[in-house]
1. Looking at region 56-75, can you tell me whether even one residue there is among the β-branched types (Val, Ile, Thr) and near the ligand (Cβ under 8 Å from one of its atoms)?
2. Which number in (1) more than 8 Å from the ligand (Cβ to nearest atom); (2) over 28 Å from Asp5 (Cβ atoms); (3) hydrophobic (A, V, I, L, M, F, W, C); (4) at pLDDT below 95 marks the one condition that Val37 misses?
3. I'm checking my understanding of the structure. Among residues of region 83-96 that are over 18 Å from Ser110 (Cβ atoms) and part of a helix (DSSP H, G or I), which one is nearest to the ligand (Cβ to nearest atom)?
4. Quick one: what pairs do we get from region 10-36, first residue outside any helix (DSSP H, G or I), second near the ligand (Cβ under 9 Å from one of its atoms) and of a type in the set (Asp, Glu), C-beta under 9 Å, 6+ apart or different chains?
5. Could you list, in sequence order, all residues of region 50-74 that are at pLDDT below 90, among the hydroxyl-bearing types (Ser, Thr, Tyr) and assigned to a helix (DSSP H, G or I)?
6. I'm trying to understand the selection: among the residues of region 59-76, which are surrounded by fewer than 13 Cβ atoms within 10 Å (Cβ to Cβ) and out of contact with any strand residue (DSSP E or B) (no Cβ under 6 Å at 6 or more places or on another chain)?
7. Hey, among the residues in region 102-120 that are over 13 Å from the mean Cα position of the chain (by Cα) and outside any loop (DSSP other than H, G, I, E, B), which one's nearest to the ligand (Cβ to nearest atom)?
8. Could you grab the pairs with beta carbons closer than 7 Å, sequence gap of 6+ or different chains, first residue in region 100-116 and without any contact (Cβ under 8 Å) to a residue 24 or more places away in the chain and under 11 Å from Ala53 (Cα atoms), second one more than 10 Å from the ligand (Cβ to nearest atom) and not in a loop (DSSP other than H, G, I, E, B)?
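The values are calculated or read from the model by the stated rules, or taken from the named source; none is laboratory data. Being a predicted model, the structure only gives us computed values, none of them experimental. Cβ: placed from backbone, ideal geometry, glycine included. Neighbour counts: every protein chain shown.
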Amino acid sequence: MTLFDKYGGVPTIRLIVKAFYKQVLSRPNLRRYFEGVDMDRLIEHQVEFIAFALGKPKTHYPDSNLKEGHRGLGITSASYDEAVGILHGILSNFQVEHDDINTILGVLYSKRHLIVERKV
Ligand code: HEM
């Protein structure tokens, strides 16, 4: 069973995405990456981010796709950490177990090098 299933599947994802999306857009540092990206794509991205983090389904995100999909965006390590930090707070609010949070953060950090292009 994936964490996705354990924590309620699509309905839970929807709530987490909503909270995540709201916080990402409230941070100018993160919002800037999505300027010029249309609303549907933006929401789709938040869903992808959360679904990936919760382990559903990994086969959709080969490393080469993650790398290609973010090439040229100039995402900094600080921005990556900020996005993961937002998710961390939300997962705590949703009472996701401590060990599961650590697993999720570990999965996200293992992909960091594919997405981050700049140190600062
Ligand atoms: C492991 C974490 C992440 C996953 C799984 C993920 C997933 C994706 C996917 C599937 C795409 C679409 C690629 C394509 O066009 O085929 C994408 C694009 C994109 N991602 Fe991420 N992403 C992650 C982290 C981030 C972070 C941290 C940021 C910004 C701080 C970000 C910003 C973007 C932007 C701006 C696009 C381009 C959107 C567009 O032009 O439509 N991503 N991401």
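1. So far as region 56-75 goes, yes, one or more of its residues are among the β-branched types (Val, Ile, Thr) and near the ligand (Cβ under 8 Å from one of its atoms).
2. Val37 satisfies all of (1) more than 8 Å from the ligand (Cβ to nearest atom); (2) over 28 Å from Asp5 (Cβ atoms); (3) hydrophobic (A, V, I, L, M, F, W, C); (4) at pLDDT below 95 except (1).
3. Step by step, filter region 83-96, then rank; the result is Ile86.
4. Here the result reads Arg27/Glu82, each pair linking region 10-36 to a residue that is near the ligand (Cβ under 9 Å from one of its atoms) and of a type in the set (Asp, Glu).
5. The one that is at pLDDT below 90, among the hydroxyl-bearing types (Ser, Thr, Tyr) and assigned to a helix (DSSP H, G or I): Thr59.
6. Of everything in region 59-76, those that are surrounded by fewer than 13 Cβ atoms within 10 Å (Cβ to Cβ) and out of contact with any strand residue (DSSP E or B) (no Cβ under 6 Å at 6 or more places or on another chain) turn out to be Thr59, His60, Pro62, Asp63, Ser64, Asn65, Glu68, Arg71, Gly72.
7. Leu114
8. So the pair list comes out as Ile101/His88; Ile101/Leu91; Ile101/Ser92; Leu105/His88.
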